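What follows is a set of notes on a single structure, which appears directly below.
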Amino acid sequence: MRSLADGLVWASRLALRWRRGTFVAWGLAVLVALVGIFTQLQIATSNLDLVSPDLPEVRAFRRVAESLGTPNVLVVVLEGGEEDSLDRAVATLESSLRALPEVRSVLARLPYDSRWLAMLGLSSTLRSHDGRARYLFVQPADPESRAETIEPMVHRVRSVLTEAHLGREGIRAGTTGIPQYALDDKETIQHDVSRLSLVSLGLVAGLFAWAFSSWRRPLIVIVALAISLIVTLGVLSVFPGRLTLLSAFVGSILFGLGVDFGIHLIDRIEEIESADGYDGGATLEAIRALAPGLATGALTTASAFMVMTVSGFRGFAELGFAAAVAVLVSLTATVTLVPAVLAGQRAPTKGALEASQRFRDLLIRIQHPAVAVGCVVLALGVIRIGMPGFDTDYMNLQAAGSETVRLEREMVENSDYSPQFAVSLVENREALSDLVQRLRREPTVERVESVLDLELLSRLPVVDVQGAADLRRRFVTEDGHYAVYSFPAENVWESDHQESFLKAVQRIDPEITGIPVLGEFMMARTRRALKVTAVLGGLVVFAWVFVDFKRWIPSLLAVLPTILGVGILLTLMRLLGLQFNPLNVMALPAVLGIAVDDGVHLVHRFLKERGDLDQTLLGTGRAVVLTSFTSIAAFAALLLTQHRGLASFAAVLCLGTASALVVSIFVLPGALGAARTQLIGDREDHSPYIVEERMNR
């Protein structure tokens, strides 16, 4: 750790000596990154993009998709108007949609004479129970459901709906299903990423400038952060070459965490400049003093994110890699680019330094044992009230008032149809009959469809030859296997219904696949990732802290904000009814990094000041408060997104950051004071700071 700290000082000294070379190097890095961003970086929104293609569950899904076409069907929903008008609209749209090059098949009605079907009590079209809605299941031609093929297909389908002028008949048309969700997610990313990243940057910059009563130095740090983001995206354009819904908001993570390095640097520079006898060289002196804390903070935060790469969930792995790169790039920019720009700048005004002093004085006055005890009680409250739940309903992640969600929920509640079905493949007729019978006896299965149903209608007059061929391809593969479709009796996204349905069908056919099976598998991977990140991330963070301090007591004190902060976060989530979900679980590594960063800097300063708690708060307390506030400001911008999953991610980040701050300001100072003798007394000669001072003498 000391070698890394020395490396940061060396890099800063080099940047100050070769300022022009530093600017050229970063300029070239930005140019190369921009080329990669505009030519290589993709946005991936398919559910298959979040998991490894080598997993057995994913291979089973892909095998079915290759044989029968993808189960990720787009559902066109027609509402309103007279029943005859709806039926005519179905016939018109069916032929137009079937002609689209991105479409493999369209299931909109049974391809038999409607009069014969009526005599059997069947409807030729796929309708709701009340007859007020019609459904057309549009199957993409691409079995992989890739974003580059799904998006144009959905847009073409929408164009067909627009050109049909259904409004003349009082008919409203909408779309739902996985392809529409994927497009909604991509539009959210494209619309919200740039807008909210700028909001994050603006909030961080404004708060930064307000705290230091100046725009000049904070603006330098903010520009360095913007450059860091460009370089980070350039790295991501090489590997993994794309952004997913999870990794797309790496900019807000960078602004929330990367700015911490700059805040500590500017705060320490001003402290040095305000001291009596200051004679210049504040930047390098500040970096020399901060280097151990900056190194530990960066490594712990980056490591907490990198732990996500072994979570077993590809989406989390790519997010973890992106966030770790962002943290390390922002640290590099802080110790090289920022000093190079600061060199030769005039010192801040006397008024700015006085404002800084007043802020530090406030931190000393607000210390109170009762608040510290309350924080500990709140942190331990999770033991009493239990952990937050886990929301498995994918539709709860979508935008509030989403038309896509409304259409699917109404279809599930008011019809026999759903885009969320399970699929089985069998090799012969005997196995087919046995499987169908067993599934139909299962109460969690609403309906079972197979080629046996099709054969019951085979004697009826066929009015749509192409439709009959498409319908048969849905049940019989080219190599002679038979498909069986199981539709759930209840909403399969709700945890209880999902569990009972999947347990039942997997007991009957362990090889069954489909969207519900893949969805539950991804949810299980997400829950596993949460546990891995929490346990392994915590261990890695503590390991780095111990490498830094080399003693148990300061190491335990440094991670105290992490331990108690996470406890407070979990308690607040439980009290507020905020559940974990597949998106907000990725907030945990960020909370771990923020919390331990606060603790490391405070403990380092306490040792540096030889147990002077007031001077510790005067010197480092403001930076800790400000880094937390800027992180909250950056993450709070994400609360403005329409995507409820991402908004919940922001909420957990804000709560976690605030929890860590409260512990750092109200609990850790008291713990440091209580442990002063163990930290400074008999062990003083072993302090790296004392050794360094003696060597300098």
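The values are calculated or read from the model by the stated rules, or taken from the named source; none is laboratory data. This one's a predicted model, so the numbers in the text were calculated from it and none came from an experiment. Positions of Cβ are generated from backbone atoms using ideal geometry, with glycine treated the same way; all protein chains shown enter the neighbour counts.
Name the residue, out of Ser631, Ser664, that is under 20 Å from Gly565 (Cβ atoms), touching a Pro at 6+ places or on another chain (Cβ under 6 Å) and either among the aromatic types (Phe, Trp, Tyr) or modelled with pLDDT of 85 or more (or both).
So the residue among Ser631, Ser664 that is under 20 Å from Gly565 (Cβ atoms), touching a Pro at 6+ places or on another chain (Cβ under 6 Å) and either among the aromatic types (Phe, Trp, Tyr) or modelled with pLDDT of 85 or more (or both) is Ser664.
Could you go through segment 305-321 and let me know if any residue there is assigned to a loop (DSSP other than H, G, I, E, B), at pLDDT below 85, of a type outside the set (Phe, Trp, Tyr) and more than 22 Å from Gly7 (Cβ to Cβ).
Yes, because at least one residue in segment 305-321 is assigned to a loop (DSSP other than H, G, I, E, B), at pLDDT below 85, of a type outside the set (Phe, Trp, Tyr) and more than 22 Å from Gly7 (Cβ to Cβ).
Right, Val199: more than 21 Å from Leu86 (Cα to Cα) and out of contact with any Pro (no Cβ under 8 Å at 6 or more places or on another chain) or not?
yes
With respect to Arg20, determine if the residue is more than 24 Å from Leu328 (Cβ to Cβ), modelled with pLDDT of 90 or more, in contact with a Ser or Thr (Cβ under 9 Å, 6 or more places away or on another chain) and among the basic types (Lys, Arg).
no
For segment 438-465: of the residues being more than 41 Å from the chain's Cα centre (by Cα) and within 22 Å of Pro419 (Cα to Cα), which is surrounded by the most Cβ atoms within 10 Å (Cβ to Cβ)?
Val451
Report the residue count in segment 445-504 for those that are charged (D, E, K, R) and assigned to a loop (DSSP other than H, G, I, E, B).
Qualifying residue count, segment 445-504: 6.
Find all pairs meeting these conditions: Cβ atoms under 9 angstrom apart; at least six residues apart or on different chains; first residue within segment 203-222 and closer than 17 Å to Ser274 by Cβ; second residue outside any helix (DSSP H, G or I) and of a type in the set (S, T, N, Q).
Within 9 Å, the pairs are Ser213/Thr349; Ser214/Thr349; Arg216/Gln345; Arg217/Gln345.
Restricting to segment 215-245, and then to whatever is in a helix (DSSP H, G or I) and of a type in the set (Lys, Arg), can you tell me which residue is modelled with the lowest pLDDT?
Arg216
Go through (1) surrounded by 16 or more Cβ atoms within 10 Å (Cβ to Cβ); (2) in a helix (DSSP H, G or I); (3) among the hydrophobic types (A, V, I, L, M, F, W, C) for Val371 and report which single condition fails.
Evaluating Val371 over (1) surrounded by 16 or more Cβ atoms within 10 Å (Cβ to Cβ); (2) in a helix (DSSP H, G or I); (3) among the hydrophobic types (A, V, I, L, M, F, W, C) leaves (1) as the failure.
Within segment 14-57, count every residue that is assigned to a helix (DSSP H, G or I), within 20 Å of Lys186 (Cα to Cα) and either polar (S, T, N, Q) or touching a Phe, Trp or Tyr at 6+ places or on another chain (Cβ under 8 Å) (or both).
Selection size over segment 14-57: 4.
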